[in-house]
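Undergrad: One structure, as structure tokens, below. Some questions next.
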Amino acid sequence: MIAARTWRLLALAAPSLVVPLVASAHGASRVSYATGIALSVLWLVVAAALLVRFVIALHAQFRSRDAASPWDRIDVLTAGGAAMMWMGLLALVGAAETGWASLGVVGVLGVGTVSIVALWTILVAAGDGPWHRAQVLRAVLPAVATEGEPLREEITLRDLVIPHGMRLFVLGRAQRHGTSSRYVVDGGASGEVVLRADLGPALRGEHPVPPLALWFGDVLGLTRTAVVHRGAAELTVMPRQLRVEDARALLGAGGDDANAKPAHLMPTEGTFRVRAYVPGDDARRIHWVRSLQQDQLIVRLPDELPLADPTVRLVLDNELAGTEALSCRAPDDLLDVLVRVWLGIAKELAAQGTRVTLVAAIDGRVCERPMLPRSAHAALRFGARVDWQTALPLERILADRRDKHVIVSGRPRRISTGEVGWVAVPEVAWTQVETALSIEKAATYSFPIGSPENRRDRRARERDRAIARWQDRAVFSQVMCWIDWSRFSGDYVARPHEGHAAVEMIP
Amino acid sequence: MKASTIKVLVVYWALLAFGMALYTCVRSEALDVLAPVWVGAIAGTVLGQLLALRRIRVWVAIWLVLAVGLLWISQLPETISERTVWMAYVPAAMCGFWCLGDRTSLVAFWFPAVLWMLTILDGTDANAMPQTGGLVLLGGLAVMFLVFLRVREERRIALWRTVSPSPLATVAAPVTLHDGAGARLPRIAWAVIVSALGFAATMWLAPLLWQTEAFDGGAVAIDIGDPAIGLPCCPRHATASTTRARTREYLDLGRSHEHVGAPVIETGCRVCLAGGVVVGANEPITGPGPDPGSYEPAPVEPGPLPYEGGSYAVQAGAVTPSIVTPADPVHHAAHHAYEPPAGGQAAAPIVPAPPVPADIPHVPPPDVQPPPLQPQQAPGIIVPAVPPPPHAIVPPHPSARPEVAPGAPPTLRAPAPATSLVLRWAAILMASLLMIQLVALVLRPVRRAIALRHFARPFWDETVAQRVSNAWHLVLVGLRDAGWRTGADESPAVFARRVHVDGLERCATILERARHGIGIDRDDLAEMTASAEAAYRAARAQATPAARAVSWMRWPLV
């Protein structure tokens, strides 16, 4: 099976060589002479230009590994251009066989046009010349966004000389599961051009935005140049805040400062705090000894249960291996939800007076940050940095801590570290299923005719990709859903409820 | 994407319509022959494009085209040749389908090219060399091919930007904030150069690939082209075999062009002697003579006369021979054209055309003796020579053999001048359009000068706010000359900071005050006007002289 690039390179050279042979084989001496001379000269010029480009690209590759491959440099024909070259060859052969003048005209037009445009592209656009002074400035705005907020991209091209007869094509994707942006700039501009696109909702995380892919293509769609990568950027998307209902249930029997829970003891029992008597106090609570000592009526106050745990370490379980290899969206979606629930619980508890410490493993380290009621922004930034990781197992995050731990996890599991509380975030309840596999109809194309997406190889590739997504999703679901719920009776589960999250006890 | 699709369809239909209209003009007398082709072409193209717009797969489209063809073509009246309709319908449908397809530009272009080639080949001689009109049309076809490729590429780009299995971002149109002045000029030059190269390559190479097919055209009488030959000596006429040739093409509609072979001396003429010598047998005899008709015909020994390319006339004249000059051995008759009859009848025997004397009005009727029954017994009378068979007749392609109506000789006539007439009108139309454009182009500097004058010093009284706006426009024109453009959402102050031109920031400040309703007094207006003119000059100073010159041709100004 010959690769597509080989076909394209052959298309650049073969027809110019084959046509004189075909013509001479049919005894048309004047055809072989005139056409042969013309096409041979054209072929020699194209071959020489290709050779020069190849050598220059080879030299550049020796100097820098980032340089484009020499084969990429000379692979200037598009699929349409290569097809036209081969069709032109067929037309010329057909003209020699049938004698139809129209086939000869069409063949000459096809082969000649592609050869001329290819020569122009090789000479003018295929090198690094147009890119020497070019500045590609890219910004994804807002630079610090909130999850779900619409993002927009702004690309500024400065001092980029687009060769005449060419167009600039720009392709980029700012987020892994985000939208692709495709731009086309007509030739001639050498000053400053601004490209803008709406990228859609922002996805949580600190994204290193990969560079844009830029290349030139001629206005007839027959040739293109090697891809140049410019314009890397960074983007921070903070998690969206999620209100979590009944989060205080996580604290057990305690309450908060405003809602103390009195102990059910007799008035004479327990350890007492005292204060001065005020009218209305129960006379049975008067502490007579102290009253005599202080010469005023002193009453005993009823005992209370301790206040809510003074410190709660709210741990995010982001330990999961192999998520980078999964092509489905579910791992990222689940992590986003985990972070949202994690921060939502923290905010809820902190608002009720609990000292909450956010704990997560980030970049191979255990990172902690106190959740203060009025500094949610810092916590959100903290949440934006969270990603799936395998460097630190959950036990190491919890080690040597006597504080109360509440773990927000998508897959609660038994761990060796003491008693912890769990908040399970079930994957099935929070993530969407993958988009359905598109059904190929037998009689119609999936996309408008003329779209390259209808090509069989692309359809097969897309189908394979969709199947892989579904398989990855199945694997992910298997990993995440393997929970023995009976073992976590008494712990909690976070479920979506009317746009919020509700924490409920596992029965 | 819809707009780009419509563009492709319009260009494709323009190609088809022009090809059909041109050939209809050329063959206006044979509409019955052309009608089946046009019907098939139009119906096929419509069906093919409908199938393409409905995203039908190509193999389904082929079946549908055939099925629909079976349905409607068989319903046509018998006077319309079904075979011809099929021959036009199927390729028209598939090329119409592929004109919107992926990587099928060349295939789709073939059928329109066939229609154009009918006209081009009609003016192409038997040596497969097109006439001037044909060459112009060939060049036009090359240019239209580039136009077709370009609109297809625009559609491909529109598809690339909007169609994908993965979600795509909504992209706004690019905003040019600064561009090199005069950038359009090299772009136009590039388009012209590429078109010219394609034009030249097509005109040079394509005819070399054409193959002719020839047919026996029978014998015709031709003039040997010697006006001073005198009377009534032979040869005045010769008989020559003819072959008819045309360039092969898919549609079997083309007319052939006649090629007259080597002349054979005419029968029944007499040999003239001058002083006992056969005049003009081997060399021309020149010299004054009192009366070209005073010769005496003299019998000579019968026998074959040499014919070596010169005049084979036997010139008589005792003392004063007439002027005899060698003639070209091969004469082409006046441009004849062969018109095949309509219908698909079997080929009939070719009937030789009756001899038609051509272009000898000044020669009086010859005194030609009838040929004797026994040439051996009648010295001085040339034995009628048997015309040699036409040499190098290429057997025609079976499917392309033009058919001759039974019992009727093929019509020989000069080709209609419709091609050149149509081309002439097209050229006049093009020249008119060009002239209008030229006049508009010449008027642009005048418009610009008037507009700039009004911006600086209005021709009539205007409000202060309007005058401030005019002054700002003057600045924008100067900045545009230097390649600067303002963004849609860019405020004047931001624009001024970005551009850095003297006086611009002051102008922007006053403009914003005017826009926000803050009062502008007379001094502000004077300052605005002065600053605007200064900024205009400063901006233009940044542009190159060529850019400044080209800017006078730009419209709109901003």
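The values are calculated or read from the model by the stated rules, or taken from the named source; none is laboratory data. Remember, it's a predicted structure, so these values are computed and weren't measured experimentally. Because the Cβ atoms are built from the backbone with ideal geometry, glycine has one as well, and the counts that use them run over all protein chains shown.
Undergrad: Tell me, yes or no, whether the range A:343-350 has at least one residue that is among the hydrophobic types (A, V, I, L, M, F, W, C), under 22 Å from A:L235 (Cα atoms) and surrounded by 15 or more Cβ atoms within 10 Å (Cβ to Cβ).
TA: For the range A:343-350, residues among the hydrophobic types (A, V, I, L, M, F, W, C), under 22 Å from A:L235 (Cα atoms) and surrounded by 15 or more Cβ atoms within 10 Å (Cβ to Cβ): present.
Undergrad: Where residues in the range A:316-329 are more than 12 Å from the chain's Cα centre (by Cα) and small (G, A, S), which of them is farthest from A:I407 (Cα to Cα)?
TA: Here the residue is A:A325.
Undergrad: With respect to B:P458, determine if the residue is over 21 Å from B:L177 (Cα atoms) and not in a helix (DSSP H, G or I).
TA: yes
Undergrad: B:D481: within 23 Å of B:Q466 (Cα to Cα), acidic (D, E) and at pLDDT below 85, yes or no?
TA: no
Undergrad: Let me ask something additional. Which of the residues belonging to the range A:340-376 are in a helix (DSSP H, G or I) and touching a residue at least 60 places away in the same chain (Cβ under 8 Å)?
TA: A:R340, A:V341, A:W342, A:L343, A:G344, A:I345, A:K347, A:E348, A:L349, A:A376
Undergrad: Is there a residue in the range A:489-503 that is in a helix (DSSP H, G or I) and buried (at least 16 other Cβ atoms within 10 Å of the Cβ)?
TA: The answer is no; no qualifying residue exists.
Undergrad: Counting only residues that are at pLDDT below 85 and closer than 30 Å to A:G217 by Cα, how many does the range B:107-126 have?
TA: Residues flagged as at pLDDT below 85 and closer than 30 Å to A:G217 by Cα within the range B:107-126 amount to 0.
Undergrad: Filter the range A:210-238 down to the residues that are of a type in the set (G, A, S) and over 12 Å from A:L77 (Cα atoms) and list them by number.
TA: Result: A:A213, A:G231, A:A232, A:A233.
Undergrad: Answer yes or no: is there a residue in the range A:409-429 that is in a helix (DSSP H, G or I) and surrounded by fewer than 17 Cβ atoms within 10 Å (Cβ to Cβ).
TA: So far as the range A:409-429 goes, yes, one or more of its residues are in a helix (DSSP H, G or I) and surrounded by fewer than 17 Cβ atoms within 10 Å (Cβ to Cβ).
Undergrad: All but one of (1) more than 7 Å from every other protein chain (Cβ to nearest Cβ); (2) surrounded by fewer than 24 Cβ atoms within 10 Å (Cβ to Cβ) hold for A:I116; state the number of the condition that does not hold.
TA: (1)
Undergrad: Which ones in the range B:153-170 are within 7 Å of chain A (Cβ to nearest Cβ) and part of a helix (DSSP H, G or I)?
TA: Passing the criteria: B:E153, B:R155, B:R156, B:I157, B:L159, B:W160, B:R161.
Undergrad: Residue by residue through the range B:93-108, note down the ones that are in contact with a Phe, Trp or Tyr (Cβ under 8 Å, 6 or more places away or on another chain) and in contact (Cβ under 8 Å) with a residue 60 or more places away in the chain.
TA: Selection gives B:G96, B:C99, B:A108.
Undergrad: Follow-up. Of all residues in the range A:286-312, count the ones that are out of contact with any helix residue (DSSP H, G or I) (no Cβ under 8 Å at 6 or more places or on another chain) and at pLDDT 85 or above.
TA: 11
Undergrad: Hey, among the residues in the range B:127-159 that are at pLDDT 90 or above and touching an Asp or Glu at 6+ places or on another chain (Cβ under 9 Å), which one's farthest from B:S195 (Cα to Cα)?
TA: Only one residue fits best here, namely B:L159.
Undergrad: Would you say A:A474 is among the hydrophobic types (A, V, I, L, M, F, W, C) and surrounded by 14 or more Cβ atoms within 10 Å (Cβ to Cβ)?
TA: no
Undergrad: Here are B:V143, B:V147: which of them is surrounded by fewer than 19 Cβ atoms within 10 Å (Cβ to Cβ), touching a Ser or Thr at 6+ places or on another chain (Cβ under 6 Å) and more than 9 Å from chain A (Cβ to nearest Cβ)?
TA: B:V143
Undergrad: State all residues of the range A:203-234 that are within 14 Å of chain B (Cβ to nearest Cβ), surrounded by 21 or more Cβ atoms within 10 Å (Cβ to Cβ) and in a strand (DSSP E or B); if no residue qualifies, say none.
TA: A:L212, A:L214, A:F216, A:G217, A:D218, A:T223, A:R224
Undergrad: Counting only residues that are without any contact (Cβ under 8 Å) to a residue 12 or more places away in the chain, give me the strands (runs of 3 or more DSSP E) lying completely in the range A:124-202 with at least 1 of them.
TA: Passing ranges, in order: A:180-186.
Undergrad: Return only the number of the condition from (1) out of contact with any strand residue (DSSP E or B) (no Cβ under 7 Å at 6 or more places or on another chain); (2) assigned to a helix (DSSP H, G or I); (3) within 20 Å of A:L394 (Cβ to Cβ) that A:D333 does not satisfy.
TA: Here A:D333 clears every test but (3).
Undergrad: Only one of these conditions is not met by A:E434: (1) within 20 Å of the chain's Cα centre (by Cα); (2) within 14 Å of chain B (Cβ to nearest Cβ); (3) in a helix (DSSP H, G or I). Which number is it?
TA: The single condition A:E434 does not satisfy is (3).
Undergrad: OK, next. Looking at this structure, is B:W472 aromatic (F, W, Y) and at pLDDT below 85?
TA: When the stated conditions are applied, B:W472 does not pass them.
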